[in-house]
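Below is one structure; the comments refer to it alone.
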Amino acid sequence: PVGALVEFCFSGKFTKDEITKKIKDKGGLVAYLNTNDVREVVKMIEQGDKRAKLILEAMAYQVAKEIGAGATVLKGQIDAIILTGGIAYNNEFVNMVRNRVSFLSLVMVYPGEEEMLALCGGALRVLKGEEVEKIY
């Protein structure tokens, strides 16, 4: 909630740098489960941690909402939805997102941290005339 964030920022308890660090480095999974490693979250869930399961489901829900928001901005002109990064190794998470957004477009999964390589490859194909650039 925005009101709580404003109170937090102006409480006088934290410097600007401390607040920035909390928001950038200590948010998301870390804020709730003290880890940003989804593999650890999955272990928690396997050990019966219902809170960890709820938080992972909430994260998938939020990702799906952002994809939906992007679809709106693009007026539904979506070639594909691409899930990538380390979290894309987790099939349960991928399926939670896919179940909410697959009606919009094909969902493609590329696990790992090779986003920059993929972007570079796409730019190279455009420069070689092998692919037409897309304007978003």
State whether the residues of the range 61-73 include one that is assigned by TED's automatic domain parsing to the domain that holds VAL41, aliphatic (A, V, I, L, M) and either outside any helix (DSSP H, G or I) or surrounded by fewer than 13 Cβ atoms within 10 Å (Cβ to Cβ) (or both). yes
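Considering every residue within the range 5-16, establish whether at least one is more than 29 Å from ALA88 (Cα to Cα) and either in contact with a Cys (Cβ under 6 Å, 6 or more places away or on another chain) or of a type in the set (Val, Ile, Thr) (or both). Please lay out each step first, then the result.
At the first step, the residues of the range 5-16 found to be more than 29 Å from ALA88 (Cα to Cα) are 5-16.
With the extra rule that they be either in contact with a Cys (Cβ under 6 Å, 6 or more places away or on another chain) or of a type in the set (Val, Ile, Thr) (or both), the set shrinks to 6, 15.
Checking the range 5-16: at least one residue is more than 29 Å from ALA88 (Cα to Cα) and either in contact with a Cys (Cβ under 6 Å, 6 or more places away or on another chain) or of a type in the set (Val, Ile, Thr) (or both).
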Given the criteria surrounded by 12 or more Cβ atoms within 10 Å (Cβ to Cβ) and without any contact (Cβ under 8 Å) to a residue 60 or more places away in the chain, does ARG98 qualify? yes
Look through ILE55, ILE78, ILE45, ILE87 and report the one residue that is assigned to a loop (DSSP other than H, G, I, E, B), surrounded by 14 or more Cβ atoms within 10 Å (Cβ to Cβ) and in the same structural domain as ALA118 (by TED's automatic domain parsing). ILE78
Find all pairs meeting these conditions: Cβ atoms under 9 angstrom apart; at least six residues apart or on different chains; first residue within the range 74-88 and in contact (Cβ under 8 Å) with a residue 40 or more places away in the chain; second residue surrounded by 15 or more Cβ atoms within 10 Å (Cβ to Cβ) and of a type in the set (Lys, Arg). none
Selection from the range 22-34 of residues that are of a type outside the set (Phe, Trp, Tyr), surrounded by 15 or more Cβ atoms within 10 Å (Cβ to Cβ) and at pLDDT 90 or above: LEU33
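Yes or no, residue by residue, for (1) outside the structural domain of ILE55 (by TED's automatic domain parsing); (2) hydrophobic (A, V, I, L, M, F, W, C); (3) not in a loop (DSSP other than H, G, I, E, B):
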| position | (1), (2), (3) |
| --- | --- |
| LEU104 | no, yes, no |
| VAL109 | no, yes, yes |
| MET116 | no, yes, yes |
| GLY122 | no, no, yes |
| VAL132 | yes, yes, no |
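The values are calculated or read from the model by the stated rules, or taken from the named source; none is laboratory data. Values in this document were obtained by computation on a predicted structure and should not be read as measured data. As a convention, Cβ positions derive from the backbone with ideal geometry for all residues, glycine included, and neighbour counts pool all protein chains shown.
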